[in-house]
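A short write-up of the structure that comes next.
What follows is calculated from the coordinates using simple rules that are stated; it is not laboratory data. Because the structure is a prediction, the values reported are computed rather than measured. Quick reminder, even Gly has a Cβ in these numbers, built from the backbone with ideal geometry, and neighbours come from all protein chains shown.
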Amino acid sequence: MLGGVLGNVYNATKSLIKGHLVTLKELRTPKITVHYPDERLELPLGSRGMPALKVNQDTGLLNCTACGVCARECPVDAIEVEAVVGEKGRKKRYPAIYNLDMTHCMQCNLCVEACPFDALEMSDAFEISRYDLDDLIFDKEQLAEIWKTHKAVRITGGEKL
Amino acid sequence: MPEWVMAIIKILIVLAFIGLNGMFLIWAERKVAGFIQARIGPARVGRPQGFFQLFADAIKMFSKEDVRPAAADKWVWWFAPVVFFTPVAMAFLVLPFGPNVIGLDMNIGLIYLAAVASFALLGVFMAGWGSNNKYSLLGAMRAGAQMISYEIPLILATIGVIMITGTLSTQGIVEYQVAHGWNIKTQFLAFVVFFIAMLAELNRTPFDLVIAESELTSGFFTEYSGIRWGMFMFAEYTNIFVMSALAVTLFFGGWASPFGLVGSVLIFLIKTYAIVFLIIWIRWSVPRVRIDQLMTLGWKFLLPLSLFNIVFTGLILLI
Amino acid sequence: MSEIEARRLKAEEVGHEKLILNLGPQHPSTHGVLRVITTLEGERITEAEPDIGFLHRNFEKIVEGWTWSQVIPLTDRNDYLANINNEHAYVLAVEKLAGIEVPERAEYIRVIMSELNRIASHLLTFGTFAMDMGAFTPFLYGFRERELLYDIFEKVTGARMMHNYVRLSGVRNDLPDGWDKEVLEFLDRLENDVIPDYYDLLIKNPIFEARSLGVGVLTKEDAIAYGAAGPILRGSGIDWDLRRDMPYSIYDRFDFEVITREEGDHYARFMVRMDEMIESAKIIRQAFEQMPEGPVMGKVPRVLKPEGDIYSAVEGPRGEIGVYLVGDGNFKPYRVKWRAPSFSNLSILPLMAKGQFVADIVLTIGTLDPIFGEVDR
Ligand code: SF4
Ligand code: SF4
């Protein structure tokens, strides 16, 4: 019996030491901490932050035609679009109001996929905390600004990244 | 200088040391834990290593509101941290830091330490009972069972050392080791028992059932906040230092060194902090035992082992 | 009579020897928002009663107002550690109901993503179980590996947790180039470095063995009677895995083992999860080898108005995720019923907790591993 106990003690000690060696080894391995505001990780292409309105590079205008498909497709009704009707001097319809309520949006990408005019893209802007809830409702100028200052892509229907 | 001025100066030195040591240990623990866990621990305040985090924490602790639960037993609750803290500070009286660097070289040093250390349980129990919180109460009950059953092997383990050195005075034990080499040579078994029992005394993982944050949220000091919580924290970390210093004194030659007074103190501190590191390292590597396993280990394993060690030491002395 | 009063009366009834202790809903070990009302006798539990519903979001009713495809992002939020598996379960059901074809390549991608998600989920369970036991370091190791895995996910789906990746008739986008190499590298590292480290650090630790071997035993009969699922069922020795026994998607093309253990204790359930990670890795490797080229999105009918009802289930990390759908020929589902494995698993808790120590009920919750997004829905 004593032999059994001693054997157990020996095995226990051995595995305890092994376990401690694992933690000791980890003392020297590189750390994975990233000091966020000072250091940043590279976001992969297609990282989903918030939707942004695409600006046509040639004309500087929004691609959006205020068709409202995105607003209908959004499960949480985060998008509000209103079209300008009957205005002269412009061929295309464009949105008078385009508000994106980021307090509702869950960054699901459905609106981007639904847009038939290639006007909405998913940007990787994730730093959107504000002090005021009202500031989280983005209007069309702000959305265009986000599109200009962040990486944005549109991925739909089984394309490759 | 009159004696009472000396006494006050000594007390102030001890308190300052407790403060600094406590802060350093809290920082060290967080840092070691961080490095073990593939993080870097505190790094913001006082770059690069976040050393000033502790001062920030201390300021935070002092300035936080001291919330007393409405249903708490006012005086018991209020006194618990004091009762927990005082014996830890008193233990410094007999810790030999160097050839003459000791509060008072009592000839009953070890008995004094054992007597003082058993006081801490009272503080724990007062905190647990006084808070009027079920988690605290469970923690205190566990503490009662745990600390009493582990004090016995802890003290029995030192008896081997006392038999060899023939003295109860801490300074005497170190002087014996200066002459004859470290006690660990003959008292390895005693050291193992002492170390395990010490972990249990200190409520450190794997024996941190008293605090057991995944079961009892924070055990006996769940209801404490602000400076009162800080006192528990400081007492705990100071206790770690005291126990490690005791282990060094008993088994690893204490301050024995060839480098004069300053060298002795340094050597003593280095050895002590090495043991402290060991304790921290163990904390972050093992899971926690259950209360019945703890009791089994204490009574069925450590106690016979420490008794066997006494017999064994007696045989050595005979030969 | 208020609830508190009722409890007080009950306390008087049980007498003064017993202590009623509320574990949660704010408690470090409840994995979310579970409240367990336990009656203690000393350190022993005589009665435990889980109280759920703190995370109720009304999933099943909300989606009745949404179109068939709009539901997908919300299924992510049920078991938020097994998002792809949830999406897969829902999408499979709709596809069966509406008779939608799925391209070959998309099926393979779905399987790969599901299995990766299973690994991620089991890694987390490994960690939380260790933390319930008081070992904090393995918890962070588990988290670290899972974060690295989420980096891999993010490259494909664009999100770390709420992927919204599986679509009716396929998946949202194809895999980026070189992604398979990254996954295989991760799997190699997992098998050769990480899991052996876990064994050394935690699983072979004598304290771990003492705490988990022979504790919290769930017998075969009880497991069946309570409708246990997944690792809990297999840990009690019942050889049942939907991937093999009722193959859905393309699981019949892979060669893998269903891990079972006879003991039914904490250790068995825990080890089933550990070994399942290796099996998942096997499936992923095979899938990468067999994967054909081609489109990843098929044809969805323009008007999706399925009729009839259907039950379809997949094997999630926590067991059978079942979806029961009723369509009445409309754009929207008439009824969605979600069969959450965590819910039935959690129902075993009162049985298992009886007679345990306080310290063990924490571990029991840990191995049952309920996810409250899914229990409360
Ligand atoms: S990303 Fe999703 S939730 Fe956000 S606006 Fe688009 S559709 Fe709505
Ligand atoms: S963003 Fe696209 S879908 Fe939305 S209104 Fe503009 S054009 Fe239509």
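Tabulated values for the structure
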quantity	calculated
Rg ratio (alpha-carbon, reference 2.2 N^0.38 Å) - the stretch A:1-122	2.12
Normalised per residue, the volume of the convex hull around the Cα set of the stretch C:46-140 (Å³)	147
Cβ-based exposure ranking for C:H56, C:H88, A:H20, in which fewest neighbours within 10 Å come first	C:H56, A:H20, C:H88
Highest-first arrangement of C:245-252, C:352-359, where packing means the average Cβ count within 10 Å	C:352-359, C:245-252
Cys with no candidate disulfide partner in the protein assembly as shown (beta-carbon separation under 4.7 Å rule)	A:C64, A:C67, A:C74, A:C105, A:C108, A:C115
Size of electric dipole in chain B: Cβ of Lys, Arg +1 and of Asp, Glu -1, about Cα centre, debye, nearest 20	720
Amide N proximity, the stretch B:80-105 versus B:H180 label position 7 Å along Cα-to-Cβ, cut-off under 16 Å	none
Computed over the stretch C:3-375: relative contact order in percent, which uses C-alpha pairs under 8 Å that are six or more apart	25
Radius of gyration and maximum dimension Dmax of chain B, Cα, Å	19.8, 64
Spread of Cα-to-Cα distances over 10 Å intervals beginning at zero, given as percent, for the stretch C:272-346	15, 26, 32, 25, 3
Paramagnetic reach from B:V192 (point 7 Å along Cα→Cβ, amide N under 20 Å) across the stretch B:283-306	B:283, B:286-287, B:289, B:293-306
Cα centroid separation - the stretch C:63-123 against the stretch C:331-345, whole Å	13
Ranked C:W66, B:W27, B:W75, criterion: other C-beta atoms within 10 Å, fewest first	B:W75, C:W66, B:W27
Residue-averaged beta-carbon neighbours from other chains (10 angstrom radius) around C:164-175	4
Peptide B:209-221 - average C-beta neighbours from other chains (10 Å radius)	5
Dipole of chain C, positive direction: furthest Cα of C:Y165, C:Y267, C:G316, with charges on the beta-carbon	C:Y165
Simple spin-label estimate for A:R28 and B:I8 in nanometres, 7 Å along Cα-Cβ	5.2
Shielding of C:191-200 by partner chains, average beta-carbon count, 10 Å	2
Mean residue ellipticity (222 nm) of the protein assembly as shown, computed from DSSP H runs ≥ 4 via -39,500 (n - 2.57), nearest 500	-16000 deg cm²/dmol
Value of relative contact order over the stretch B:1-63, rounded to a whole percent, pairs C-alpha under 8 Å and six or more apart	20
Residues B:T222, B:T186 arranged by fewest to most Cβ contacts within 10 Å	B:T186, B:T222
More than 19 angstrom apart: percent of Cα pairs within the stretch B:111-169	42
Relative contact order (percent, whole number), chain A, Cα cutoff 8 Å, 6+ residue spacing	27
Net charge, A:P30 excluded, C-beta distance under 13 Å - Lys, Arg +1, Asp, Glu -1	+4
Inverse of mean 1/r across different Cα pairs in the stretch A:51-153, Kirkwood, Å	13.8
Alpha carbon Rg of chain C, scaled by the compact-globule rule 2.2 N^0.38 Å	1.02
Convex hull volume of the stretch B:1-63 per residue (C-alpha atoms, cubic angstrom)	96
Centre separation in Å (Cα based) which lies between the stretch C:216-242 and the stretch A:55-134	50
Choice from A:E73, A:E82, A:E39 with maximal GNM fluctuation in chain A (Cα, 10 Å cutoff)	A:E39
Taking the C-alpha atoms of the protein assembly as shown, convex hull volume expressed per residue in Å³	212
Magnitude of the charge dipole, the protein assembly as shown, Cβ model with Lys/Arg +1 and Asp/Glu -1, debye to 20	1340
Computed FRET value (nearest 0.05) for A:L21 with C:D252, which takes r as the C-beta separation and R₀ as 30 Å	0.10
